[in-house]
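**Student:** Sharing a structure, written as structure tokens. Questions coming.
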Amino acid sequence: MNPPTARSQDGRPSWYEIRLQGRLDPRWATWFDGMTLTAGSDGTTLLRGPVVDQTALHGLLQRLRDVGLPLVAVTRVQPGPRENGPTPPRSRAPENPDSGD
């Protein structure tokens, strides 16, 4: 039997957004494996970040339960461009030795 996974097809961790009713201070981010915490204007808190597998997701949800804020939604999302990892370096045009640079 294969272990449960939350990885995407390219082998990277899947990204999740988890919305809670109530506010969490950003200092809680370390307790939630470095996920980003964003306060919503509607009184909710959004946690966003990578989750390596289903076991880690369940552990994260248990920690959220222990905080005592009601869970509103758990959504698997695509990472943004900055969250996909390092961008391959762009090729640079060779410097012109005659330009005086």
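Only the coordinates and a few stated rules stand behind these numbers; no lab work does. Being a predicted model, the structure only gives us computed values, none of them experimental. Glycine gets a Cβ as well: all are built from the backbone with ideal geometry, and neighbour counts include every protein chain shown.
**Student:** Using a simple spin-label model with points 7 Å from Cα along the Cα→Cβ vector, what separation in nm is obtained for residue 39 and residue 73?
**Tutor:** Output for this residue pair reads 2.1 nm.
**Student:** Net charge within 10 Å of residue 35 by Cβ-Cβ distance, Lys/Arg positive one each and Asp/Glu negative one each, not counting residue 35 itself? Spell out each step's value before the answer.
**Tutor:** Numbers: positive: 48; negative: 17, 33.
After counting each charged neighbour, the total is -1.
**Student:** If you don't mind, there's one more thing I want to ask. Taking the Cα of residue 30, stepping 7 Å toward and past its beta carbon, and measuring to each backbone N in segment 39-59: which are under 12 Å?
**Tutor:** none
**Student:** Starting from the alpha-carbon convex hull of segment 14-80, give the projected area averaged over all orientations, in nm².
**Tutor:** 4.2
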